[in-house]
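Each remark here refers to the structure printed beneath this line.
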Amino acid sequence: MHASQRPADILRRPAPGTLWPWVKAVSYVELVLFAGLLFVWLSPGLDRATFYFGLGHGIGFIVLALLMWAAVIRHEVPYTLLAATLTPAGPVGAVIGIAWLERRRPEYRT
C-alpha cells in the first residue's frame, strides 16, 4: 500500500471532478435513447427503428455504467449513483440520482 493510499483516503467523501460533466451528459443522452426505444418499441411497424434504438441504448448503457464506475473509483461521484444507474430503471435511475445529488450537495451543481 502506498503512503498516498491510506484507508481514510479510500473512504473519503466524493467530490465532483473532470468526469462529473461527462457523467451528467451521458446520463441524459442515454435517457433520451431509452425514451426513444420505448416509443419505437410500442409503435407498430417500426422494427428497424426499434433495432437501432435498442442497439444505441445497449451500447449507451454499457458506456454509462463504465463511466459511472470510473467516476466512483476516482471518488468523483458517490457509489449510490452507480447503484441507482444499475437498477432496472437504468438511465432513469441515473438522472433521478443526479437530480438528488445536485439538490443535496451544492458542489455538484453546474
Any idea which residue in segment 30-86 is surrounded by the fewest Cβ atoms within 10 Å (Cβ to Cβ), counting only those that are under 19 Å from TRP20 (Cβ atoms) and among the polar types (S, T, N, Q)?
-> THR80
Within the set of pairs 6+ apart or on separate chains, which have a first residue in segment 17-46 that is within 12 Å of HIS57 (Cβ to Cβ), a second that is part of a loop (DSSP other than H, G, I, E, B), and C-beta atoms under 8 Å apart?
-> GLU30/GLY90; PHE34/GLY90; VAL40/LEU46
Residue list for segment 69-92, filter: at pLDDT 90 or above and of a type in the set (A, V, I, L, M) = ALA70, ALA71, VAL72, ILE73, VAL77, LEU81, LEU82, ALA83, ALA84, LEU86, VAL92
Positions within segment 32-53 being farther than 17 Å from ALA89 by Cβ and not aromatic (Phe, Trp, Tyr), in sequence order | VAL40, LEU42, SER43, PRO44, GLY45, LEU46, ASP47, ARG48, ALA49, THR50
Write out, first by first residue and then by second, each pair whose Cβ atoms fall under 7 Å of each other, whose residues are 6+ apart or on separate chains, and whose first residue, in segment 61-86, is in contact (Cβ under 8 Å) with a residue 12 or more places away in the chain while the second is in a helix (DSSP H, G or I) and of a type in the set (S, T, N, Q).
-> LEU64/SER27; LEU64/THR85; ALA65/THR85; MET68/THR85
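The values are calculated or read from the model by the stated rules, or taken from the named source; none is laboratory data. Keep in mind it's a predicted model, so treat the numbers as computed, not measured. All Cβ positions, even for glycine, are placed from backbone atoms using ideal geometry, and neighbour counts span all protein chains on display.
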